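Colleague: Encoded as structure tokens, here's the structure I'll be asking about.
Bear in mind that the values in this text are calculations on the coordinates, not laboratory data. Note that the structure is predicted; figures quoted are calculated from it, not measured. Glycine also receives a Cβ, built like all others from the backbone with ideal geometry; neighbour counts cover every protein chain displayed.
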């Protein structure tokens, strides 16, 4: 039997280790890699070509949803399951738009995660029991259409997150492999599109729309 090859992505090593131990008990699954950073996840996915990625929303440098969108575009046969504490509608709408197959809450039974992984491996969608109970109106797409994050390009969202995390233009340029001038241009576009002026504005907006999570979590 061919096992489902999985990459785990979470910036908390204890969480990754715990999930890995549980997944290793499943006869049809094998964890082939772990990542603690969104950009590292992209690189690892390109090299290992897993069947499924299980990723948290909160990831340094590139959040889980934007990472999933980039992977979906470049590697359409690699599918993603979001495993998070957040069941807010804005996050789930963005995840579905990004092409995510599964969405599960961390406080649910491990059966939900395994079920989502098995569905994702077949390219099918699965929203966990708690998610569907909390969001009975998932068919209504109005909030997704109104989400201002949709005004940004993929690169602008990457720059946006790094600015919100407090990185300098040079640090963002180095991580993304672009020039500082290009970062400045993208940052100016973000400011104009979202009407943001200060770093505090960036942080508040990022937390509100699921780009950045509360650092105390």
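Colleague: What do you get for the angle between helix 180-194 and the principal long axis of the chain? Use alpha-carbon atoms, 0 to 90 degrees, nearest ten.
Modeller: Around 90 degrees separate the two axes.
Colleague: When 101, 114 are ordered from fewest to most other Cβ atoms inside 10 Å of their Cβ, what list results? Spell out each step's value before the answer.
Modeller: On the way: 101 25, 114 19.
Ranked by crowding around the Cβ, least crowded first: 114, 101.
Colleague: A further question follows. Please report 112, 171 as a ranked list, fewest other C-beta atoms within 10 angstrom at the top and most at the bottom.
Modeller: 171, 112
Colleague: How far is helix 199-208 tilted off the main Cα axis of the chain, in degrees rounded to 10, range 0 to 90?
Modeller: The angle comes out at about 30 degrees.
Colleague: For residue 22 and residue 207, what does the FRET efficiency come to when R0 = 25 Å and r is the distance between their Cβ atoms, rounded to the nearest 0.05?
Modeller: Rounded to the nearest 0.05, the efficiency is 0.25.
Colleague: Right, another one. With everything on Cα atoms, drop me the angle between helix 13-23 and the longest principal axis of the chain, reported from 0 to 90° to the nearest 10.
Modeller: Once rounded, the angle reads 30 degrees.
Colleague: Given N residues in segment 148-208, what is its alpha carbon radius of gyration divided by 2.2 N^0.38 Å?
Modeller: For segment 148-208, the normalised Cα radius of gyration is 0.99.
Colleague: Report the relative contact order of the chain, percent, no decimals, based on alpha-carbon pairs under 8 angstrom and at least 6 residues apart. Let's see the in-between values first.
Modeller: Numbers: 343 pairs, mean separation 33.0, N = 217.
Over the chain, the number comes to 15 percent.
Colleague: What FRET efficiency, computed as 1/(1 + (r/R0)^6) with R0 = 22 Å and r the Cβ-Cβ distance, is obtained for residue 155 and residue 197, rounded to the nearest 0.05? Working shown, then result.
Modeller: Numbers: r = 21 Å, r/R0 = 0.96.
The calculated FRET efficiency here is 0.55.
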